[in-house]
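Presented below is the structure to which this report refers.
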Amino acid sequence: MTTGASSQSLWQRVTAPLSSGPTAYAFLAFYVLICSFLLLTNPRTELSTDIVFVLFMLSMLVAYRARVATWFKVVLGVIALGIVLPYFGTLNPFYIDVATQAGIFTALALGLNVVVGFAGLLDLGYVAFFAVGAYAWGIFSTTQISNINPAWGPVDPVMFYPFLIIGLILGLITGVLLGLPVLRLRGDYLAIVTLGFGEVIRVVANNLDRPINITNGSQGIRDIERPPLVLVDLVRNLGVVADDNRLYQLFFYYLVLIIVLLTVIVVARLKNSRIGRAWEAIREDEVAAVAQGIPRVRMKLLAFAIGASFAGVMGVVFASKQLFINPPTFDLLRSINILAMVILGGMGSIPGAMLGAIIVTMLDLQILPRLASVLREAQAAGAPIPRQFDPTQYQRLFFGLLLVIMMIFRPEGLWPDERRREEQHEVEITDEELEADKLTKPTGAETGR
Amino acid sequence: MALLEATNITKVFGGLVAVNDVTFTVEPGSIVSVIGPNGAGKTTFFNVLTGIYKPEKGRVIFAGQDITGWRSDQIAALGMRRTFQNIRLFGNMTVLENVLVGMHVHLQASIWGIISRGRNMLREEAKARNKAMELLNFVGIADKRDELAKNLPYGDQRRLEIARALAGEPKLILLDEPTAGMNPHETAEATQLIRRLRDDRGITVILIEHDMRLVMSISERISVLDYGSKIAEGDVQAIRTNPRVIEAYLGKGAADYAA
């Protein structure tokens, strides 16, 4: 690697040897090892564990980005996400639940990233597709279905698997249904219509308990079925002593992990194809894109449909994992949260969307509540914090502040798309980009065979 | 048979008749210019031809098909490509990607092919990249393939727009002021390039241009628009001496003087 040392920032000088060459292998192995060690030796639920946990998840993204052999990344991934994390989960079930939740939102963020990041269509009602998938499984797996027709009973729990596909198709159809009327709209107008659509779905779910009780209204659907556990005997034989609930946690963790992996592969491949380029062209300049023969309507619909289908699948998983869904689960704030993940991570960037999802979920579930409780303890211990100030009430404020600060200092996101980086800062071409170019060349040679 | 036949095209914006009953024919393999003072309706006419605007009256027949009222992307897919007066590249995509976008309609990979990374898709992508590089070579910016389009110097952006248009394997290319803002040296290079479009690649060219030296040196036929109407048509010599053209450009006194 040629180093124009003078033109490199300190950050680049430090990270460059860590992201390529033999040092990268050593660094990554060491990184994962240390985090694993810290996690497994201290599985208590506290702030330090939270931080290590975030660093641990981050290691996967660092590996994803580093220039090391694919087999090495796969091995690291399998060890970290396939073995260490689930094992840690058996020590502290709270974290495996967080990881699963983070995985669900990673898939959602990746899906929304297709719509917002790739195609540039601001969608504020994305959670609607999630709701469609969730309610599909919620209704069909419980006695709710009997309200539609008394002759119908809940489907067999094993139908969960085909329902993943059904959820995908339902998401797809809803995506097209939303897409069709709004295709002529752009920017703000599109955002408002999608926002309305998201609310419509929620309100429908809220009110569809009369005249026929389909969704059970605001009370929500409870006792949603989980699929029968697979490989239970094998797991038990491995010596894992766990009740069904623990096993279900592991089951959903692995299921979500697989779906997220598939999502990443699909999204990454689409991005580097004629379809991804067409989306990007539409985002950059619609008139010019159409002048290249790109069918605008079809491409936008495709973006909507694909983005929505990921949400549909995850909806089914979510309903089954949570056992309970109700309309407020799918409110506007949820859509905005997913959008915040995409923007925080970096619009159009796949690792960015994943990082955003992980960070926002962690902030939501772990770090902010924990900070609040730390503050509260300090308050109780006599720290000079006014008694009227209840830290738990201010979690969202911190979250909002964080977003504002992010947008001011790093508008392109935490992990911007390689090519997007310049857009906001207008710097000249750096060594890093030349390096990125080298990265793309081997794949070019590969395709040449 | 003519490659492009536009008959009695009229385009109205509110009370303004931007293009008024213009009939315009282009033979295959020719270089044709459309000239006229600012606001004469030249770009509007281009926009009607390429489907960005629908004409109030008239028909457009291209490559034997009546394309009146077609969408822009359908017309582009049929082999009519254009560049824009105010350069409309995909600024945050690389030079190479811009050209690849131009090939969109010629790439067949289905969504399943893309997701499964099938052999056909990989082969097609590799081929597309080679073709794109060939086009970048043709316009002379192959060494800049990985730069962002918006970072290119002005002249190179114009070249890239032409390369992107060529990626669609067009029968007809419409260039809207391809040398606007260029210095004489760059203009000379651009003139060469336009000539090579026709001579090397057999593409028919329609040109909107204000640089009269370029127009007069390259065009086989010239049409002159003024206030939306076609006021003259003919070869270089006929246009040069046409009193109505001189009047439109220089005013009535000058026309009398020339006569």
**So B:ALA163, is it within 29 Å of B:ALA76 (Cβ to Cβ), part of a helix (DSSP H, G or I) and touching a residue at least 40 places away in the same chain (Cβ under 8 Å)** = yes
**Message:** Any residue that is touching a residue at least 12 places away in the same chain (Cβ under 8 Å), small (Gly, Ala, Ser) and either in contact with an Asp or Glu (Cβ under 6 Å, 6 or more places away or on another chain) or over 30 Å from A:GLY120 (Cα atoms) (or both) - is there at least one of those in region A:145-165?
**Reply:** no
**Prompt:** What about B:LEU193, is it more than 9 Å from every other protein chain (Cβ to nearest Cβ), surrounded by 23 or more Cβ atoms within 10 Å (Cβ to Cβ) and not aromatic (Phe, Trp, Tyr)?
**Reply:** no
**Item:** The one condition in (1) in the same structural domain as A:LEU122 (by TED's automatic domain parsing); (2) more than 12 Å from A:GLY413 (Cβ to Cβ) that A:ALA357 fails to fulfil
**Value:** (1)
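Filter region A:309-333 for residues that are in a helix (DSSP H, G or I), surrounded by fewer than 24 Cβ atoms within 10 Å (Cβ to Cβ) and of a type outside the set (Val, Ile, Thr) and give the result. Before the answer, list the steps.
The initial filter retains those residues of region A:309-333 that are in a helix (DSSP H, G or I), namely A:309-322, A:327-330, A:332-333.
From the residues that got through so far, the ones that are surrounded by fewer than 24 Cβ atoms within 10 Å (Cβ to Cβ) too are A:321-322, A:327-329, A:332-333.
The answer is A:LYS321, A:GLN322, A:PRO327, A:PRO328, A:LEU332, A:LEU333.
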**Request:** Taking the residues in region A:251-270 that are of a type outside the set (Val, Ile, Thr) and either touching an Asp or Glu at 6+ places or on another chain (Cβ under 6 Å) or within 17 Å of A:LEU108 (Cβ to Cβ) (or both) as candidates, determine which candidate is nearest to the other protein chains (Cβ to nearest Cβ).
**Result:** A:LEU270
**Message:** Residues to consider are B:LEU49, B:LEU16; find the one that is over 21 Å from B:ARG240 (Cβ atoms) and modelled with pLDDT of 95 or more.
**Reply:** B:LEU49
**Fill in**
B:PRO170 meets each of (1) within 11 Å of chain A (Cβ to nearest Cβ); (2) more than 18 Å from the chain's Cα centre (by Cα) with one exception, condition (2)
**Request:** Answer yes or no as to whether B:VAL12 is more than 16 Å from B:ALA232 (Cα to Cα), of a type in the set (A, V, I, L, M) and outside any helix (DSSP H, G or I).
**Result:** yes
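On the basis of being hydrophobic (A, V, I, L, M, F, W, C), assigned to a helix (DSSP H, G or I) and modelled with pLDDT under 90, does A:PHE53 make the cut?
So A:PHE53 passes the test.
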**Asked** touching a helix residue (DSSP H, G or I) at 6+ places or on another chain (Cβ under 6 Å), among the hydroxyl-bearing types (Ser, Thr, Tyr) and in a helix (DSSP H, G or I) - does that describe any residue in region A:354-365?
**Response** yes
**Message:** So, in region B:143-153, exactly how many residues are assigned to a helix (DSSP H, G or I) and touching a residue at least 40 places away in the same chain (Cβ under 8 Å)?
**Reply:** 3
**Prompt:** Which residues, counting only those in region A:272-301, are among the charged types (D, E, K, R) and facing chain B (nearest Cβ under 7 Å)?
**Reply:** A:ARG274, A:ARG277, A:GLU280, A:GLU284, A:ASP285, A:ARG296
**Message:** Among the residues of region A:334-352, are any crowded, with 24+ Cβ neighbours inside 10 Å, touching a strand residue (DSSP E or B) at 6+ places or on another chain (Cβ under 9 Å) and outside any loop (DSSP other than H, G, I, E, B)?
**Reply:** no
**Prompt:** Taking B:LEU4 and the conditions (1) at pLDDT below 95; (2) more than 29 Å from B:ILE141 (Cα to Cα); (3) of a type outside the set (Asp, Glu); (4) buried (at least 18 other Cβ atoms within 10 Å of the Cβ), which numbered condition does it fall short on, given that it satisfies the others?
**Reply:** (1)
**Asked** Are any residues in region B:100-142 in a helix (DSSP H, G or I), within 11 Å of chain A (Cβ to nearest Cβ) and of a type in the set (D, E, K, R), and if so, which ones?
**Response** B:ARG119, B:ARG123, B:GLU124, B:GLU125, B:LYS127, B:ARG129
**Residue match in region B:146-159 (condition: of a type in the set (Lys, Arg), more than 8 Å from chain A (Cβ to nearest Cβ) and within 17 Å of the chain's Cα centre (by Cα))** = yes
**Asked** Within region A:102-113, is there a residue that is within 19 Å of A:LEU302 (Cβ to Cβ), in contact with a helix residue (DSSP H, G or I) (Cβ under 7 Å, 6 or more places away or on another chain) and not in a helix (DSSP H, G or I)?
**Response** no
**Cβ pairs under 7 Å, 6+ apart, first in region A:30-48 and assigned by TED's automatic domain parsing to the domain that holds A:VAL78 and free of Cβ contacts under 8 Å to residues at least 12 places away in the same chain, second among the hydroxyl-bearing types (Ser, Thr, Tyr) and outside any loop (DSSP other than H, G, I, E, B)** = A:ASN42/A:THR49
**Fill in**
A:GLN388 fails exactly one of (1) polar (S, T, N, Q); (2) assigned to a helix (DSSP H, G or I); (3) outside the structural domain of A:ALA308 (by TED's automatic domain parsing), namely (2)
**Complete:** region A:225-286: helices (runs of 4 or more DSSP H) wholly inside it with 3 or more residues that are at pLDDT 90 or above and closer than 21 Å to A:SER320 by Cβ are A:244-271
**Item:** Top-ranked residue in region B:53-85 [being closer than 20 Å to B:ALA167 by Cα and assigned to a loop (DSSP other than H, G, I, E, B); ranked as farthest from the other protein chains (Cβ to nearest Cβ)]
**Value:** B:ALA63
**Request:** Have a look at A:ARG376, A:ARG396, A:ARG387 and point out the one that is of a type in the set (Lys, Arg) and surrounded by 14 or more Cβ atoms within 10 Å (Cβ to Cβ).
**Result:** A:ARG376
**Prompt:** Quick one: how many residues across region A:260-280 are aromatic (Phe, Trp, Tyr) and out of contact with any Leu (no Cβ under 9 Å at 6 or more places or on another chain)?
**Reply:** 0
**Complete:** From the option list B:GLY64, B:GLY39, B:GLY29, single residue qualifying as closer than 19 Å to B:PHE13 by Cβ, surrounded by fewer than 22 Cβ atoms within 10 Å (Cβ to Cβ) and either modelled with pLDDT of 95 or more or of a type in the set (Gly, Ala, Ser) (or both) is B:GLY39
**Prompt:** Just one of the numbered conditions (1) over 21 Å from A:VAL62 (Cβ atoms); (2) at pLDDT 75 or above; (3) assigned to a helix (DSSP H, G or I) is not true of A:MET406; which one?
**Reply:** (1)
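The values are calculated or read from the model by the stated rules, or taken from the named source; none is laboratory data. Predicted model only: the values in this text are computed from it and were never measured. Cβ atoms come from the backbone with ideal geometry, glycine included; neighbour counts cover every protein chain shown.
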